[in-house]
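Peer 1: There's a structure below that I have some questions on.
The values are calculated or read from the model by the stated rules, or taken from the named source; none is laboratory data. All figures in this text were calculated on a predicted structure; none of them were measured in a lab. Neighbour counts run over all protein chains shown; Cβ positions are idealised from the backbone, glycine included.
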Amino acid sequence: MSFRICLGFLLATAVLPAQVQERPVRPDPTGEISEQEGSDVKPVEDGRRSKEAAQRAQEKEEEANLTPEQRLARHVTHGASAHCRFVTSMKPAKLMPGQTGTLTIAALLQGRAVIPATATLEMVATGQPGPYSLGAMQARPPENGRIEKGYLGRPVYENYLVVDVPVTMAAEAQVGKKTVVAVDLKFDLYDGTSAMPIGRFIDRATYEVEIGTAADPAVRGGSGTAQPVGDAPTVRATSTPTPVKPDAATKPDTLQGNVAPVADKVETAPVVPAKVEPSPAGDTMIEEEGLPPFLLVGGGAVLVVVLLLLFARKK
């Protein structure tokens, strides 16, 4: 029995080294690769590198066949602070609810960067973060190049680019608050010397605008102090009223509902006094419109006679 056990143990010890040799090579925890493992991994790594090189060569070939516009469209950079910076202003500075103003954006170009007149320049439609809406962008016309030799005499923006964007404040905007107006621009920059494209960029211009108060709809004219509602205005005479003819009175103004002011003075024809002429008897006429003297004397005599007759009759 013990002989069989010993024989089984010897056979087991003889087979164990063969199993250890057939075990696969595992990576060393220290990162080192054994010679046998390195011989197996090297063909795989060489194949991966060759595949990547072939892919890069294909991309370069495709890039060479692309037009400048396609090449710019494939490489869009967010942020152009290395080539230009924005300066913004709003007119008017405050916007009332429902009012429309103009946001002016000036892109100050730095270094050799220029924007040709034919380059891409547009406003990117994005969700507005505030209570406002943007209108169509309007770029101011370029000038012929005078600085960069690559664009001499050609329409180009050399030093700066100015665009105007209408901004309409929402009617429900809260008065007294401030909101940031943001405009995203997409534009192409070129090198002014070589006339080669630098790249296509998307950048944001911002301006903080205050929502102003609405104007009072009850506007009172005149420079004097307004009187309280319901109090009768005090009228002071500035000159002595003079009588006027009935036809000189003014008629009410049917259009405005007001009465035109009455003239202070009415010109009338001067009264000429009657001339006094001597009568043939030497007496003078009192007035042209009065009785002559002989009638007065005769009338007096008749009155005396009547009185005498009445007195004698009573006796």
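Peer 1: Is it the case that segment 183-190 has a residue that's under 18 Å from the mean Cα position of the chain (by Cα) and either buried (at least 20 other Cβ atoms within 10 Å of the Cβ) or not aliphatic (A, V, I, L, M) (or both)?
Peer 2: yes
Peer 1: Has segment 169-181 got at least one residue that is assigned to a strand (DSSP E or B) and under 18 Å from residue 84 (Cα atoms)?
Peer 2: No, that holds for no residue.
Peer 1: Also: Take residue 85 and tell me if it is more than 10 Å from the chain's Cα centre (by Cα), basic (Lys, Arg) and surrounded by 16 or more Cβ atoms within 10 Å (Cβ to Cβ).
Peer 2: No; evaluated as a whole, the condition is false for this residue.
Peer 1: Okay, next question. Test residue 130 against the criterion of being small (Gly, Ala, Ser), under 19 Å from the mean Cα position of the chain (by Cα) and buried (at least 18 other Cβ atoms within 10 Å of the Cβ), and give yes or no.
Peer 2: Yes, satisfied.
Peer 1: Got at least one residue in segment 138-155 being over 28 Å from residue 74 (Cβ atoms), surrounded by 12 or more Cβ atoms within 10 Å (Cβ to Cβ) and in contact with a helix residue (DSSP H, G or I) (Cβ under 9 Å, 6 or more places away or on another chain)?
Peer 2: Yes.
Peer 1: Can you find even one residue in segment 88-106 that is in contact with a helix residue (DSSP H, G or I) (Cβ under 9 Å, 6 or more places away or on another chain) and at pLDDT below 95?
Peer 2: Within segment 88-106, not a single residue is in contact with a helix residue (DSSP H, G or I) (Cβ under 9 Å, 6 or more places away or on another chain) and at pLDDT below 95.
Peer 1: All but one of (1) β-branched (Val, Ile, Thr); (2) within 21 Å of residue 72 (Cα to Cα); (3) under 19 Å from the mean Cα position of the chain (by Cα) hold for residue 120; which doesn't?
Peer 2: Looking at each condition in turn, residue 120 falls short on (3).
Peer 1: Ok, one more. Quick one: what pairs do we get from segment 68-93, first residue under 24 Å from residue 158 (Cβ atoms), second assigned to a helix (DSSP H, G or I) and at pLDDT below 95, C-beta under 9 Å, 6+ apart or different chains?
Peer 2: 71/63
Peer 1: Here's another thing I want to ask about it. Kindly establish whether residue 186 is touching a strand residue (DSSP E or B) at 6+ places or on another chain (Cβ under 8 Å) and either at negative phi or not assigned by TED's automatic domain parsing to the domain that holds residue 81 (or both).
Peer 2: In short, yes.
Peer 1: Is it the case, given these coordinates, that residue 77 is among the polar types (S, T, N, Q), under 23 Å from residue 199 (Cβ atoms) and surrounded by 12 or more Cβ atoms within 10 Å (Cβ to Cβ)?
Peer 2: Taking the combined requirement at face value, the residue satisfies it.
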